[in-house]
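One structure below.
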Amino acid sequence: MAASQLTPQLRHMLSPRVGGTLGVCFAICFTQYALVAGLAAFLPTSPQGEGLSSVLLGAVFAAYPFACALCSPMLPALLRALGLRLSVAVGLAITSATSLCIGLTPLLPPPALGPALVILRVLGGCGAGMAETGCFAAVSGMQELNAHIG
């Protein structure tokens, strides 16, 4: 497709500023999924020492995608209310903050460790769902939302 055949909307999406914003968002979301893969490698070897049962460990891993799916029906209304830029920024801030807090959970006493991990994973999943939905809305070309990004 020649550059002259691109629609104004597609030119806007391919601009360095908008493309860079979306690229950073997708990189952070990818890092979240890589964190889960890294977490999966270490948690099964240490749950008995930390007082985590296998059921609680399963809940920790299931909380993130469950929260993404649970929040999805509400996110389009939130995107319209806040605008795309703010929604993506808030979602990234939430998911980044919860990831940092997960790194501090080993400092908690063993009885609080499991519930804290589940709560942080749920909040991180909600934030990631917000950021991903905003990015996909921008990429899919939703006219009323694209005015707020870039």
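The values are calculated or read from the model by the stated rules, or taken from the named source; none is laboratory data. For clarity, every value in this text was computed on a predicted model and none was experimentally measured. Cβ sites come from the backbone with ideal geometry, for glycine too, and all protein chains shown count toward neighbours. These accessible areas exclude ligands, DNA and RNA; they are computed on the full protein's heavy atoms, side chains included. Shrake-Rupley method; radii C 1.70, N 1.55, O 1.52, S 1.80 Å.
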Only one of these is over 15 Å from the mean Cα position of the chain (by Cα) and at pLDDT 85 or above: A93, A77. Name it.
A77
Which numbered condition trips up V36, out of (1) within 13 Å of the chain's Cα centre (by Cα); (2) at pLDDT 75 or above?
(2)
Output for the stretch 127-150, where each listed residue is modelled with pLDDT under 70, open to solvent by 60 Å² or more (accessible area, probe 1.4 Å) and among the hydrophobic types (A, V, I, L, M, F, W, C)
M142, A147
Answer yes or no: is there a residue in the stretch 83-93 that is surrounded by 16 or more Cβ atoms within 10 Å (Cβ to Cβ), among the polar types (S, T, N, Q) and within 24 Å of F26 (Cβ to Cβ).
yes
Residue in the stretch 53-73 that is assigned to a helix (DSSP H, G or I), modelled with pLDDT of 65 or more, open to solvent by less than 70 Å² (accessible area, probe 1.4 Å) and of a type in the set (S, T, Y) present
yes
Per the filter on the stretch 99-120, residues at pLDDT 90 or above and open to solvent by less than 50 Å² (accessible area, probe 1.4 Å) are A116, V118, L120
